[in-house]
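Step one of this worksheet: look at the structure below.
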Amino acid sequence: METAVQQHTYKKENALFPFCKGCGHHHYVNHLDEALVKLNLDPNKVCIVSDIGCIGILDSLFATPHTFHTTHGRSTAFATGIELADGILNDSKLKTIVVIGDGGATIGLLHLVNAALMNVDVTVLLANNFLYGMTGGQHSQFSPLEFVTPTTPAGNIVPPMDICSIVKSCGATFVRQAAATDKQLGDVIAEAIAHPGFALVEILELCPEWALPFNKIDGKSINEKLHAENNMNAAAVRQDFTTLYKEKVLGSPKKMVDDTITPKYSSALNGTCRIVLAGTAGEKVQLASFLFMKSAISSTLHATQKNDNPVTQGSGFSLSEVCISSEEILYTGIDTPDVVIISSPEGLKEVTANGTLARCSSDTIVVAEQTLSEFDCAGKVSRLPLRALCTGSRAALSALASLNMIKGWVSQDALLEMIDGKFKEKSLLYHRDIEALIPFVKI
Ligand code: SF4
Ligand SMILES: [Mg+2]
């Protein structure tokens with residue numbers, strides 16, 4: 001293996017990780033970097049081939065190696081081609097590393113199988129967090145039994161695929177499984193990269209955004225749990241899918257929350273009110289919209305909600321558009337907003353960039369955190385000490401609830417009921433915020 005001047009990192013200086021707080025991908029990136037440093041590879045002889053999903057945006061964090069971003073599940077096929085071309089045209093000087101999640105591995109399974117069968121000199125680092133993180137937390141073929149996701153609300157009834165056994169059965173000679181938090185993972189990855197021929201490391205991770213809210217799972221239990229599931233996978237007698245579905249899904253109560261809303265309040269709203277909330281991911285901006293939308297339905301109104309955030313769910317800006325109406329809502333877009341609430345600099349940047357502020361009319365009510373920089377907008381702008389009074393995580397909902405207290409778009413009783421139901425004893429903080437904010441609202 002060729003070496004070069006000792007590198008201390010292959011990442012970009014001050015690289016800003018785009019992943020949600022607590023995401024296993026942080027460990028993955030750092031361990032990969034550690035392995036490259038350990039091997040002291042010439043960055044020009046390293047090619048990182050990334051796939052889809054949150055892990056797929058890792059390549060932007062690396063400064064010096066070649067990076068190649070590919071399509072759904074096809075990274076291993078591209079890597080195979082790169083490796084063959086390098087072997088035939090360039091005497092196998094390149095180390096080709098596939099960065100793929102469990103979603104990509106499921107979609108492109110045959111490419112993994114074929115690369116293992118060919119024993120092409122490619123290292124596959126498979127980030128398995130048991131679900132599709134970027135697209136909404138749907139289960140994957142790697143989800144453990146009973147794993148609760150938006151697509152398996154009663155718990156997953158299909159045993160997980162055992163990728164290690166699959167590639168071993170295809171002749172792979174280096175196959176390992178490790179947790180992302182494992183301190184030895186950098187060494188394991190280095191060994192896999194140095195291994196001549198196909199190598200796969202399955203890296204078990206947690207997606208705090210989608211796995212933690214619905215499942216009792218933590219870093220420590222990950223290894224044990226997956227091994228147990230895989231053993232069940234090998235059980236000699238299994239119920240067929242239809243029998244299981246009838247018994248476990250149709251025949252048992254849903255494990256996820258039943259969100260059925262029965263209208264029991266009323267509202268004086270006549271027409272439609274279109275509201276944009278803009279803030280920072282993790283500060284309950286979309287939850288504020290969701291509770292407001294539910295309270296609108298409870299107030300016998302129609303309601304829609306549309307969310308936007310960067311590809312990773314829990315970092316960067318968070319935007320939500322909610323429409324409430326006394327009439328059926330046939331158009332869910334917001335051309336001219338009636339209300340815009342901006343609770344953080346990330347929110348301001350986004351509503352500036354996406355044109356929301358430019359589309360405000362002189363009737364638009366704009367409530368903005370008072371410490372934000374100046375911005376151009378035709379609307380009636382009130383600057384409130386949202387973050388000082390409510391903290392970032394309550395700012396959006398408290399601002400919306402105090403505006404609603406004055407304007408009466410939805411029943412305030414319905415909204416407070418939603419807040420109390422969601423936050424239990426902590427809802428008192430919202431009651432306090434609403435009272436504190438009202439004197440500042442000038443509309
Ligand atoms: S959505 Fe899940 S997998 Fe994606 S960055 Fe967030 S925590 Fe990580
Ligand atoms: Mg995944």
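The values are calculated or read from the model by the stated rules, or taken from the named source; none is laboratory data. Because the structure is predicted, anything quoted here is derived from the model rather than measured. Every residue, glycine as well, gets a Cβ built from its backbone with ideal geometry; the counts of neighbours run over all protein chains shown.
Looking only at segment 296-318, which residues are closer than 26 Å to F19 by Cα and surrounded by fewer than 24 Cβ atoms within 10 Å (Cβ to Cβ)?
Those that are closer than 26 Å to F19 by Cα and surrounded by fewer than 24 Cβ atoms within 10 Å (Cβ to Cβ): Q305, K306, N307, D308, N309, P310, V311, T312, G314, S315, G316, F317.
Could you run through segment 8-22 and say how many residues are crowded, with 20+ Cβ neighbours inside 10 Å and either in the same structural domain as L125 (by TED's automatic domain parsing) or in contact with a helix residue (DSSP H, G or I) (Cβ under 7 Å, 6 or more places away or on another chain) (or both)?
Residues that pass the stated criteria total 3.
Just to be sure I understand the filter: pairs with C-beta atoms under 8 Å, separated by 6 or more residues or on different chains, first member in segment 284-295 and within 21 Å of C20 (Cα to Cα), second member of a type in the set (D, E, K, R) and not in a helix (DSSP H, G or I). Which pairs pass?
S289/E321
Suppose we keep only residues that are in a helix (DSSP H, G or I) and surrounded by fewer than 18 Cβ atoms within 10 Å (Cβ to Cβ) within segment 178-212. Which one would you say is nearest to ligand 2 (Cβ to nearest atom)?
Only one residue fits best here, namely D187.
Only one of these is modelled with pLDDT of 95 or more, out of contact with any strand residue (DSSP E or B) (no Cβ under 7 Å at 6 or more places or on another chain) and surrounded by fewer than 21 Cβ atoms within 10 Å (Cβ to Cβ): V5, V37. Name it.
Going through V5, V37 in turn, just one is modelled with pLDDT of 95 or more, out of contact with any strand residue (DSSP E or B) (no Cβ under 7 Å at 6 or more places or on another chain) and surrounded by fewer than 21 Cβ atoms within 10 Å (Cβ to Cβ): V37.
Name the single residue, out of those in segment 87-134 being in contact with a Cys (Cβ under 8 Å, 6 or more places away or on another chain) and among the hydrophobic types (A, V, I, L, M, F, W, C), that is farthest from ligand 2 (Cβ to nearest atom).
L94
When you go through (1) in contact with a helix residue (DSSP H, G or I) (Cβ under 7 Å, 6 or more places away or on another chain); (2) assigned to a loop (DSSP other than H, G, I, E, B); (3) of a type in the set (A, V, I, L, M) one by one for V5, which number turns out not to apply?
Going through the list (1) in contact with a helix residue (DSSP H, G or I) (Cβ under 7 Å, 6 or more places away or on another chain); (2) assigned to a loop (DSSP other than H, G, I, E, B); (3) of a type in the set (A, V, I, L, M), V5 breaks only (1).
How many residues are of a type outside the set (D, E) and either more than 31 Å from the chain's Cα centre (by Cα) or surrounded by fewer than 17 Cβ atoms within 10 Å (Cβ to Cβ) (or both) if we restrict to segment 401-443?
Qualifying residue count for the region: 24.
If you check S398 against the conditions, is it crowded, with 16+ Cβ neighbours inside 10 Å, free of Cβ contacts under 8 Å to residues at least 40 places away in the same chain and not in a loop (DSSP other than H, G, I, E, B)?
yes
So how many residues does segment 148-173 have that are farther than 28 Å from N114 by Cβ, touching a residue at least 60 places away in the same chain (Cβ under 8 Å) and away from ligand 1 (no atom under 12 Å from the Cβ)?
6
Are there any helices (runs of 4 or more DSSP H) wholly within segment 219-308 with 1 or more residues that are at pLDDT 95 or above and in the same structural domain as A358 (by TED's automatic domain parsing), and if so which?
Per the criteria, 285-298.
Mind listing whichever residues of segment 401-441 are aliphatic (A, V, I, L, M) and not in a helix (DSSP H, G or I)?
From segment 401-441, those aliphatic (A, V, I, L, M) are 401, 403, 405-406, 410, 414-416, 418-419, 428-429, 434, 436-438, 441; that's our starting set.
Of everything in segment 401-441, those that are aliphatic (A, V, I, L, M) and not in a helix (DSSP H, G or I) turn out to be V410, V441.
Looking only at segment 108-143, count every residue that is buried (at least 21 other Cβ atoms within 10 Å of the Cβ) and away from ligand 1 (no atom under 16 Å from the Cβ) and tell me the total.
Total meeting the criteria: 9.
Output the residue which, of all residues in segment 296-315 that are touching a residue at least 24 places away in the same chain (Cβ under 8 Å) and in contact with a helix residue (DSSP H, G or I) (Cβ under 6 Å, 6 or more places away or on another chain), is farthest from ligand 2 (Cβ to nearest atom).
Per the criteria, the residue is S299.
Scan segment 362-376 and tell me whether some residue there is part of a loop (DSSP other than H, G, I, E, B), surrounded by 19 or more Cβ atoms within 10 Å (Cβ to Cβ), of a type in the set (V, I, T) and in contact (Cβ under 8 Å) with a residue 40 or more places away in the chain.
no
Among the candidates I52, I48, I57, which residue alone is in the same structural domain as L109 (by TED's automatic domain parsing), crowded, with 23+ Cβ neighbours inside 10 Å and modelled with pLDDT under 95?
I52
What single numbered condition from (1) touching a residue at least 12 places away in the same chain (Cβ under 8 Å); (2) more than 22 Å from K93 (Cβ to Cβ); (3) within 16 Å of ligand 1 (Cβ to nearest atom) fails to hold for L16?
(1)
Please go through segment 135-177 and pick out each residue that is β-branched (V, I, T) and within 11 Å of ligand 2 (Cβ to nearest atom).
Across segment 135-177, the qualifying residues are T135, T149.
Of these, S315, S362, which one is out of contact with any Asp or Glu (no Cβ under 8 Å at 6 or more places or on another chain), within 16 Å of ligand 1 (Cβ to nearest atom) and in the same structural domain as H302 (by TED's automatic domain parsing)? Break it down stepwise before answering.
Numbers: S362 fails: within 16 Å of ligand 1 (Cβ to nearest atom).
Result: S315 is the single residue among S315, S362 that is out of contact with any Asp or Glu (no Cβ under 8 Å at 6 or more places or on another chain), within 16 Å of ligand 1 (Cβ to nearest atom) and in the same structural domain as H302 (by TED's automatic domain parsing).
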